Amino acid sequence: MHILFIGDIFASPGRHIVADHLQDIKETSHIDLAIANAENAAGGFGITPSIAEELFSLGLDVLTSGNHIWDKKEILDYLPRQPKLLRPANYADETPGHGVIVACSRQGIPCAIINLQGRTYMPDTDCPFRKADQILRDLDPSVKVRFVDFHAEVTSEKMAMGWYLDGRVSAMVGTHTHIPTADTRILPGGSAYQTDVGMTGPYDSVIGVKKELILQRFLTALPVRMEAAKAAPELHSVILEVDEITGKAISMRRHTVRGD
């Protein structure tokens with residue numbers, strides 16, 4: 001089976017390029033399950049219920065997130081009602097929403113999608129490594145296909161998680177830094193890995209924000225109001241092929257689409 005994972009959808013340019021190209025990617029690459037990180041889909045900061053529903057209507061099956069999931073307060077009531085929008089599982093149990101879902105592929109194959117968040121230079125959360133252990137321990141053993149979005153700042157933490165989960169998940173990919181990495185590979189235990197999938201949004205920017213504002217911030221050290229850029233949208237994703245019987249990755253490749 002084939003799984004598509006789209007990196008951080010950033011503001012309206014990210015949403016628009018997904019709308020323009022998602023169905024074509026699904027058809028040409030025979031996608032059985034489509035996932036995207038959407039924590040920055042609302043103007044570059046957070047996600048709203050209406051935008052989440054818009055993304056589902058485009059053909060995305062599950063949305064993951066990260067630390068910006070809390071930026072729009074209206075999402076707090078929506079998360080418990082929409083299990084297909086995940087927040088990182090290693091937030092406290094009392095936090096609204098869920099960090100894992102078992103979704104069915106187009107062929108009816110159960111697939112566990114797990115959302116975790118790093119702790120280095122990030123908000124204080126429970127240990128993602130131990131939380132991963134707990135989730136995998138509690139997961140129905142018949143669910144062989146297991147996909148992890150690890151939303152983390154530093155490459156070392158992401159790489160450590162990749163090695164930690166190798167052989168226990170089908171794939172672990174990183175999000176959050178908005179910069180795609182070129183280290184896509186299959187680890188010895190059969191888990192696909194990439195440190196960061198990158199951003200789906202405006203690349204004529206500094207990680208999605210108008211570059212003039214970020215340059216001003218670096219040059220003056222004064223606070224600035226962040227605004228999403230608009231130009232040069234790109235869709236960055238990975239396409240995973242996995243053996244649904246064993247849960248082992250067969251291949252994973254980067255896939256990029258450049259917009260107008």
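Probe radius 1.4 Å, ligands and nucleic acids left out: which of 137, 217 has the largest accessible area, and how do the rest follow?
I get 137, 217, largest accessible area first.
Report, to one decimal in Å, the Kirkwood hydrodynamic radius for the range 1-71 based on all distinct Cα pairs.
One over the average 1/r among Cα pairs gives 12.0 Å for the range 1-71.
For the chain, report the translational diffusion coefficient in µm²/s to the nearest whole number, using Stokes-Einstein at 37 °C, 0.692 mPa s, and a Kirkwood Rh over Cα pairs.
It diffuses with D of about 182 µm²/s by this estimate.
Local charge sum around residue 200 (other residues, Cβ-Cβ under 13 Å, Lys/Arg +1, Asp/Glu -1)?
Local net charge: -2.
Find the relative contact order for the chain and round it to a whole percent, using C-alpha pairs within less than 8 Å whose residues are 6+ positions apart.
It rounds to 19 percent for the chain.
Calculate the dipole size of the chain relative to its Cα centre from +1 charges on Lys and Arg beta carbons and -1 charges on Asp and Glu beta carbons; express the result in debye to the nearest 20.
Charge dipole, the chain, about its Cα centre: 260 debye, nearest 20.
Short version: what are the Cα gyration tensor semi-axes of the range 133-260, square root of 5 times each eigenvalue, largest first, in whole Å?
In descending order the semi-axes read 34, 16, 11 Å.
What nm distance separates the two modelled labels at residue 81 and residue 130, each placed 7 Å from Cα along Cα→Cβ?
3.5
What does the charge count near residue 244 come to, summing +1 for each Lys or Arg and -1 for each Asp or Glu among other residues with Cβ under 14 Å from its Cβ?
With Lys, Arg at +1 and Asp, Glu at -1, the net is +1.
Could you calculate the FRET efficiency of residue 104 with residue 213 from 1/(1 + (r/R0)^6), where r is the beta carbon distance between them and R0 is 30 Å, rounded to 0.05?
Efficiency, from the Cβ-Cβ distance: 0.10.
Using a 7 Å offset from the Cα along the Cα-to-Cβ direction at both residue 120 and residue 160, what is the distance between the two label points in nm, to one decimal?
Placing both labels 7 Å beyond Cα along the Cβ direction yields 0.6 nm.
Kirkwood hydrodynamic radius of the range 45-164 from all distinct Cα pairs, in Å?
Evaluated on the range 45-164, it is 14.9 Å.
With just the Cα atoms of the range 214-254, tell me how far they stretch along each of the three principal axes, in Å, largest first.
Cα extents, longest axis first: 55, 21, 14 Å.
So how do 220-227, 110-117, 27-34 stack up, highest first, on mean other-Cβ count within 10 Å?
Going by the mean number of other Cβ atoms within 10 Å, highest first, we get 110-117, 27-34, 220-227.
If I ignore ligands, DNA and RNA and count only protein heavy atoms, how much of residue 156 is accessible to a 1.4 Å probe, in Å² to the nearest 10?
About 80 Å², rounded to the nearest 10.
Could you give the length gained on full extension between residue 181 and residue 230, defined as 0.36 nm per residue of separation minus the Cα-Cα distance, in nm?
Full extension of this stretch gives 15.4 nm more.
The values are calculated or read from the model by the stated rules, or taken from the named source; none is laboratory data. These numbers come from a predicted model, not from an experiment. As a convention, Cβ positions derive from the backbone with ideal geometry for all residues, glycine included, and neighbour counts pool all protein chains shown. Ligands, DNA and RNA are stripped out before the accessible areas are found, and what is left, the full protein with its side chains, is counted by its heavy atoms. Shrake-Rupley method; radii C 1.70, N 1.55, O 1.52, S 1.80 Å.
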